[in-house]
1. From the list 247, 187, 254, pick out the single residue that is surrounded by fewer than 16 Cβ atoms within 10 Å (Cβ to Cβ) and not in a helix (DSSP H, G or I).
2. Testing residue 203 on (1) touching a helix residue (DSSP H, G or I) at 6+ places or on another chain (Cβ under 9 Å); (2) surrounded by fewer than 16 Cβ atoms within 10 Å (Cβ to Cβ), one condition comes back false. Which one is that?
3. Within region 137-155, how many residues are free of Cβ contacts under 8 Å to residues at least 40 places away in the same chain, touching a helix residue (DSSP H, G or I) at 6+ places or on another chain (Cβ under 9 Å) and either assigned to a loop (DSSP other than H, G, I, E, B) or within 18 Å of residue 83 (Cβ to Cβ) (or both)?
4. Could you tell me whether any residue of region 153-172 is buried (at least 23 other Cβ atoms within 10 Å of the Cβ) and touching a strand residue (DSSP E or B) at 6+ places or on another chain (Cβ under 7 Å)?
5. If I ask for residues that are part of a helix (DSSP H, G or I) and surrounded by 14 or more Cβ atoms within 10 Å (Cβ to Cβ), which ones from region 38-62 would you list?
6. Give me a count of the residues in region 94-136 that are part of a loop (DSSP other than H, G, I, E, B) and either surrounded by 24 or more Cβ atoms within 10 Å (Cβ to Cβ) or touching a strand residue (DSSP E or B) at 6+ places or on another chain (Cβ under 6 Å) (or both).
7. For the condition modelled with pLDDT of 95 or more, touching a helix residue (DSSP H, G or I) at 6+ places or on another chain (Cβ under 6 Å) and either part of a helix (DSSP H, G or I) or over 22 Å from residue 249 (Cβ atoms) (or both), what is the one hit in 168, 180?
8. What are the pairs, 6+ residues apart or on separate chains, where a residue within region 7-32 that is at positive phi has its Cβ under 8 Å from a residue that is buried (at least 20 other Cβ atoms within 10 Å of the Cβ) and in a strand (DSSP E or B)?
């Protein structure tokens with residue numbers, strides 16, 4: 001059977017699992033074993049075929065074992081990588097480990113599973129569009145081996161989780177751009193999606209901070225998004241309708257990035 005992998009079983013992860021799961025095996029990965037188990041049971045009760053596995057995306061051995069489970073279960077149709085931490089959840093070093101290194105490990109270690117019509121979607125953030133980095137650092141974030149990434153950002157914004165998050169998410173966008181060629185040689189596509197403020201537990205925690213609340217007020221649509229709206233875009237990107245889209249980032253932010261630029 002076809003396999004759909006979803007990492008990070010929060011609001012967006014569950015919404016994507018429900019959209020992409022019918023008729024396929026859902027392989028779910030999350031670092032919170034209790035939450036993972038309850039989420040898997042909820043999906044099983046709804047009729048989905050589910051294989052849950054505890055996963056630490058910042059640990060290469062954990063990601064490699066997870067990829068092995070997927071390889072043994074069937075053909076990889078889609079990978080939706082939503083796992084991450086936000087500035088209100090973690091310190092900069094943990095943000096870099098999970099959001100920057102974790103994404104790189106997922107893309108690197110799942111590449112051998114990619115084949116014709118496989119699609120990988122990395123959930124990034126509008127934060128990646130709101131920081132300017134030196135050209136050489138951007139190149140290094142895109143092209144360096146995964147085990148070099150944490151060294152590149154060592155000492156960078158060590159006291160500023162918000163800036164560290166922007167760096168990590170900028171790295172996600174760059175990594176997807178660079179890696180799309182390797183995925184394309186397998187007949188697969190690789191894209192990123194940058195949501196704005198979305199009504200998930202993580203997003204609502206961020207909304208409690210003054211800076212994020214102000215960002216929302218400046219957005220074109222002046223409302224938060226829903227996990228279902230993000231999942232709709234992911235579903236389309238995975239479908240044949242988006243067959244010529246790869247190496248790109250799709251903003252799903254209610255016009256936040258555009259409004260910040262011009263207003």
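1. Working: 247 fails: surrounded by fewer than 16 Cβ atoms within 10 Å (Cβ to Cβ); 254 fails: surrounded by fewer than 16 Cβ atoms within 10 Å (Cβ to Cβ).
Selected residue: 187, the only one of 247, 187, 254 that is surrounded by fewer than 16 Cβ atoms within 10 Å (Cβ to Cβ) and not in a helix (DSSP H, G or I).
2. Condition (2) is where residue 203 drops out.
3. 3
4. Taking every residue of region 153-172 in turn, at least one turns out to be buried (at least 23 other Cβ atoms within 10 Å of the Cβ) and touching a strand residue (DSSP E or B) at 6+ places or on another chain (Cβ under 7 Å).
5. Within region 38-62, 39, 40, 42, 43, 60, 62 meet the criteria.
6. At the first step, the residues of region 94-136 found to be part of a loop (DSSP other than H, G, I, E, B) are 114-118, 124-125, 130-134.
Then drop every residue that is not either surrounded by 24 or more Cβ atoms within 10 Å (Cβ to Cβ) or touching a strand residue (DSSP E or B) at 6+ places or on another chain (Cβ under 6 Å) (or both), which leaves 118, 124-125.
The number of residues fulfilling the criteria is 3.
7. Values: 180 fails: touching a helix residue (DSSP H, G or I) at 6+ places or on another chain (Cβ under 6 Å).
Matching residue, one of 168, 180: 168.
8. 8/29; 8/30; 8/81; 8/123
The values are calculated or read from the model by the stated rules, or taken from the named source; none is laboratory data. What you see is a predicted model; the values in this text were computed from it and never measured. Note: ideal-geometry Cβ built from the backbone for every residue, glycine included; neighbour counts use all protein chains shown.
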